[in-house]
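Notes follow the structure.
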Amino acid sequence: MATHTTPRDEVRTPPARLDIFGFEPTPARVEVIPRSRRWRVSKALTNLLLAWLAIPIVMFIPPHFPWVLAAFGIGIFRAWGYYKQRFTLVSMRGRCPKCAHELAVEKPTRLGEPHRMVCPNCHQTPVLAVDVAGLPAAA
């Protein structure tokens, strides 16, 4: 899901850690952007509108019904994804708790709750725990 950042977005660096059950958690450096309700609703409605505006176009492509259903469903799926996006993870750097391999996120993405990633070295799934409770809400 594309998450665009602009120069006026306020990037925060809350405390974070990478955790795998049975191993000592390792610290991580993260940059996140708190997303306001207004931003989330506008992105959700824009995606819903674009997908649903495609319905009159795709309904002429045989077989007609599956394309209409797909455009309808994609609109709802993308809108729900943007509406849930309370924080955008701009970047992350840390080490895998099991093998100490350097892990990084360079492309902005939705911060999952919990945010799981896969270590390319040991193939474990560390969980990124970000302390967003201390962050002030976005305006």
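The values are calculated or read from the model by the stated rules, or taken from the named source; none is laboratory data. This one's a predicted model, so the numbers in the text were calculated from it and none came from an experiment. Every residue, glycine as well, gets a Cβ built from its backbone with ideal geometry; the counts of neighbours run over all protein chains shown.
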Among the residues of the stretch 20-37, is any on the phi > 0 side of the Ramachandran plot, in the same structural domain as V127 (by TED's automatic domain parsing) and of a type in the set (G, A, S)? yes
Residues of the stretch 83-139 being surrounded by fewer than 11 Cβ atoms within 10 Å (Cβ to Cβ), in contact (Cβ under 8 Å) with a residue 12 or more places away in the chain and farther than 17 Å from T26 by Cβ, in sequence order, are E106, G134, P136, A137, A139
Among (1) closer than 30 Å to A16 by Cα; (2) in contact with a Gly (Cβ under 9 Å, 6 or more places away or on another chain); (3) not basic (K, R), there is one condition N121 misses while meeting the rest; what is its number? (2)
Any idea which of (1) buried (at least 16 other Cβ atoms within 10 Å of the Cβ); (2) in contact with a Lys or Arg (Cβ under 8 Å, 6 or more places away or on another chain); (3) closer than 26 Å to V105 by Cα is the one A51 doesn't satisfy? (3)
Residue that is nearest to I74 (Cα to Cα), among those in the stretch 50-61 that are in a helix (DSSP H, G or I) and in contact (Cβ under 8 Å) with a residue 12 or more places away in the chain: A51
Only one residue in V41, V58, V30 is modelled with pLDDT under 95 and either buried (at least 17 other Cβ atoms within 10 Å of the Cβ) or in contact with a Phe, Trp or Tyr (Cβ under 8 Å, 6 or more places away or on another chain) (or both), so which one is that? V58
